[in-house]
Structure formats: C-alpha cells, structure tokens
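What follows is a short report on a single structure.
No value in this document is a laboratory result; all are computed from the given coordinates. Because the structure is a prediction, the values reported are computed rather than measured. Glycine also receives a Cβ, built like all others from the backbone with ideal geometry; neighbour counts cover every protein chain displayed.
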Amino acid sequence: MDRYHEMLMFEALSQTASLASAARRLDVSGPTVVRAIARLEQRLGVALLERSTRGVVLTEAGAAFMADCSRILRQVDEAEASAKGSHTQAQGSLTVLLPLLFSRYVMTPLLSSYMGLYPEVKVFAQYHDRFPNMNEEGIDVAVLVGHLPGSSLIARQVGHVRSMVCSSPAYLARHGEPKVPQDLRNHRLVATHAFRDKVQWDFQQDGELSQLKARTRISCATIQAAIDAAANGAGITRCPSYPLHEYLSSGRLRRVLQRYELPALPVNVVYREGRKASMRVRSFVDHIVDGLREHPALQLDAL
C-alpha cells in the first residue's frame, strides 16, 4: 500500500472514535486500517495513536503528523480538481481561528455571507484569544488582534482596535467627567470580570505608560453586561472599541479620557500559503479582508 493511502487511513482513524467507524468510513476492513497504521508508526519510528478501551487518541507526534497529512491530502484533492477544470469554484474544508469576543460583534455576519456565496466550502471555526501555531494546528486562516510575532505567515492588516473608557451622558451629567485617569478613583467603576473588586487600567500619560488601580462599584461576568450597565447609568467602564461602536454612534455612551488611551492595536488576517493558497483560502481571505476594512468599528478614531 502506498503512502497516500496510509495517510488517508491515518486521517480517518484520527478523526473518528474507533477503528470500526474509520473502516466503515473508508469502506475497508478493520485489519487493513490496523496494518496501515502499524506500517506508518514503524517507518516513522514514533507512536501516532494511543489505544484504550474507549477508542484512540492522537499522541503529540500524531497530532503534528495529522496536520501535515491533512494539508497534503487537501493539496492532492485540489490538484485533481484543477486538472478536471473545477478549480475556479472554491470547495472543501476550511479551518479558521477567530477571537471569541471579536467574532460575536464583527465576524459573524461575514462568516454567514461567505457561506452563502461559497456553498461548497465547509467552515470549521475555532474561537480562541491566542496566537496559534498555524502549521502544527492545521489552521488555514486566522484573525488576530495585536502585534504579530515574526513569522513566515502572510498577513493583511484590516483595521485597528482601541481600549476605550466610556460612560452614559446621564451619569457624566450627574457625577462630572473625569479629566485625568486619577479622577476615576472618585467615580463608580464597572469591571468587565466577575468578582473583581478592583480594576487595573493602563493609560498613556506624557508619552509614558501609567497604571491606575481603583475599586469597582459593579463587577460583571461579561463585557456586554458591563457595557449595558454603563449605558444605563451605573458608572464608567473600559473595554475594546468594537463592541462599543453602536453605543457610541447612537449616543448611549460617551468616550472619555481619549487623550490618555493606549496606542491602537492592529487587526490582521493571517494565512499560510500566499499565492499558492487554495481557492477556498483565497476566497475566504479576500471576502473577510474586504468586509473588515469596511467595518466602521475597526476604523482608526472613527468616533
């Protein structure tokens, strides 16, 4: 059996709960799958799977090999599709990594519209606020907020995010507007973390980083709850700019201490293959790059 078919069997077994289900998926016998995995492990000199009464799980080496196998098998499928003349239509599976909060406020409509335009692409979305190892984890495209570490990945900047302090006009009319960060100690502060009796907010004063520690009046379990509390006059809160956009543009919240805000963080769409990227990757990147660059919540100092 050639290496291509061994990779197919390893991918099927690593994505299913049991040997029997992998064999059914490939329409082969169970012993055929077992022999293929044994040959792979013997040739590579590492254990790819751990077997137990509950099924099989990938070892660390197996997870890395799985990501490479998936990439190679996708490229084979794309080469065949190109030869058949179907390369102009995006199709296949696409794994994307998106920031959790950012996705809720910004990305969901773009994902929905992309899926409507490209019905042959199946999107697997992961939601984490971290910088991934895209090659090892088999991630095709990621949206990342913050300065990127040096790498060979392709990045297209789409906008900026700021950390803003804001409150309702009604609250500021009653309690006055803080003029410098230290004034916040005399205000009702709304924290964006549950059970947090103090906030620790960073500001930029006279070109230097300063830190304010002050007691909170309300601690909320989510950023959205803190925004709603501030919009209803509970106090002053601080959070990323993108969930605030509609509140600020409608006048429900007002931005304060703008001159002391930290520099904006870039938002980038990152992918791996560059010009060699598959049609589904290129179509997804182009779609969300255009959409994010037009999104008013990512415009620098739009409000």
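Over the chain, what is the mean sequence separation of C-alpha contacts under 8 Å (at least six apart), divided by residue count, expressed as relative contact order in percent?
For the chain, the relative contact order is 20 percent.
Starting from the 7 Å offset along Cα-to-Cβ, what nm value, one decimal, do you get for the label separation of ASN186 and VAL34?
Going by the 7 Å Cα→Cβ label model, 7.9 nm.
Give me the net charge for the shell around PRO99: Cβ to Cβ below 12 angstrom, other residues only, Lys and Arg +1, Asp and Glu -1.
My count for the surroundings of PRO99 gives +1.
How much length is gained if the chain between GLN299 and GLN126 is pulled fully straight, taking 0.36 nm per residue apart and subtracting their Cα-Cα distance, in nm to one decimal?
Full-extension gain reported as 59.8 nm.
Farthest toward the dipole's positive end in the chain, which of LEU257, ALA229, GLY176, given Cβ charges of +1 (Lys, Arg) and -1 (Asp, Glu) about the Cα centre?
Of the candidates, GLY176 comes out farthest on the positive side.
Considering the dipole of the chain built from charges on the beta carbon (Lys and Arg +1, Asp and Glu -1) around the Cα centre, which of THR95, LEU298, TYR247 is farthest to its positive end?
TYR247
Might you report the magnitude of the Cβ-based charge dipole of the chain about its Cα centre, with Lys and Arg at +1 and Asp and Glu at -1, to the nearest 20 debye?
Using only the charged Cβ atoms, the result is roughly 780 debye.
Pull out a ≥ b ≥ c, the square roots of the eigenvalues of the alpha-carbon gyration tensor of the chain, then state rounded if a/c is under 1.5, prolate if not and a/b is larger than b/c, and oblate in the remaining case.
Prolate is the answer for the chain, as a/c is 1.5 or above and a/b outweighs b/c.
As a check on your grasp of the helix formula, calculate [θ] at 222 nm for the chain: sum -39500 (n - 2.57) over DSSP H runs of n ≥ 4, divide by the residue count, round to the nearest 500.
-11000 deg cm²/dmol
How many nm is it between the label spots at ALA20 and ALA264, if each spot is 7 Å from the Cα in line with the beta carbon?
5.8 nm
Under a point-charge model restricted to the Cβ atoms of Lys and Arg (+1) and Asp and Glu (-1), what is the dipole moment magnitude of the range 163-260 relative to its Cα centre, in debye to the nearest 20?
The calculated dipole for the range 163-260 is roughly 280 debye.
Apply the Karplus curve 6.51 cos²θ - 1.76 cosθ + 1.60, θ = phi - 60°, to the phi angles in the range 246-259 and return the couplings in whole Hz, x for Gly and Pro.
Along the range 246-259, the couplings run 5, 5, 6, 5, 8, x, 5, 10, 10, 7, 10, 6, 4, 5 Hz.
Have a look at TYR105, GLY146, VAL158 and report the one farthest towards the positive end of the charge dipole of the chain, computed about the Cα centre with Cβ charges (Lys/Arg +1, Asp/Glu -1).
The listed residue farthest towards the positive side: TYR105.
Rounded, prolate or oblate: pick one for the range 163-260, where a ≥ b ≥ c are the square roots of the eigenvalues of its C-alpha gyration tensor, a/c under 1.5 means rounded, and failing that, prolate if a/b is larger than b/c, else oblate.
In terms of gyration-tensor shape, rounded.
Using a Förster distance of 51 angstrom, determine the FRET efficiency expected from the C-beta separation of GLU177 and ASP27, and round it to 0.05.
Step by step, r from the Cβ atoms, then E = 0.15.
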